[in-house]
């Protein structure tokens, strides 16, 4: 049976059923968004918030308790990506993040658009939407 995630982590269905933050790669932006919405809907009373700018991420870190979807994590400055990692690492009471990437994790990292620490932190929770759609 083929896995839906990289690095022997969670399966796509397991990610929908728990509060783990995730990295959604490949597919279209609409495909990645649909997966994030489905993940939010899989948990009772899980509000969904889509944010596109670093300032919106900062506000979501402080007050949102549902799923925060960021369509393209590569557009976030490295400082904001590091702040996400800090929150993921240090705060149990935090939103669940669904971070989209238009291409592969490796391509984003090679171009310096995805910090190593964010990549490392989400390594077991990466869903390749393109593979999932096959």
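Can you tell me which residues in segment 125-134 are modelled with pLDDT of 85 or more and assigned to a loop (DSSP other than H, G, I, E, B)?
Filtering segment 125-134 down to residues modelled with pLDDT of 85 or more leaves 125-129.
If the condition is that a residue be modelled with pLDDT of 85 or more and assigned to a loop (DSSP other than H, G, I, E, B), then 125 is the only one that fits.
Among 94, 86, which is in a helix (DSSP H, G or I) and over 18 Å from residue 24 (Cα atoms)?
Values: 94 fails: in a helix (DSSP H, G or I).
Every option except 86 fails the conditions.
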| query | Are any of the residues in segment 25-48 in contact with a helix residue (DSSP H, G or I) (Cβ under 8 Å, 6 or more places away or on another chain), in contact (Cβ under 8 Å) with a residue 40 or more places away in the chain, assigned to a strand (DSSP E or B) and crowded, with 20+ Cβ neighbours inside 10 Å? | reply | yes
Being farther than 21 Å from residue 127 by Cβ and part of a helix (DSSP H, G or I) narrows 81, 56 down to just 56
Going through segment 61-86 in order, the residues found to be at pLDDT below 90 and either within 13 Å of the chain's Cα centre (by Cα) or surrounded by 13 or more Cβ atoms within 10 Å (Cβ to Cβ) (or both) are 61, 64, 65, 66
Quick count over segment 97-121, residues being in contact with a helix residue (DSSP H, G or I) (Cβ under 6 Å, 6 or more places away or on another chain), farther than 11 Å from residue 25 by Cα and in a helix (DSSP H, G or I), is 5
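Does segment 89-101 hold any residues that are surrounded by fewer than 18 Cβ atoms within 10 Å (Cβ to Cβ) and within 15 Å of the chain's Cα centre (by Cα), and which are they?
Taking segment 89-101 as the starting set, the residues that turn out to be surrounded by fewer than 18 Cβ atoms within 10 Å (Cβ to Cβ) are 89-93.
89, the sole residue that qualifies.
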Only one of (1) surrounded by fewer than 21 Cβ atoms within 10 Å (Cβ to Cβ); (2) modelled with pLDDT under 90 does not apply to residue 122, and that is (1)
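The values are calculated or read from the model by the stated rules, or taken from the named source; none is laboratory data. Model, not experiment: these values are computed from the prediction. For neighbour counting, all protein chains shown are included, and Cβ atoms are generated from backbone atoms with ideal geometry for every residue, glycine included.
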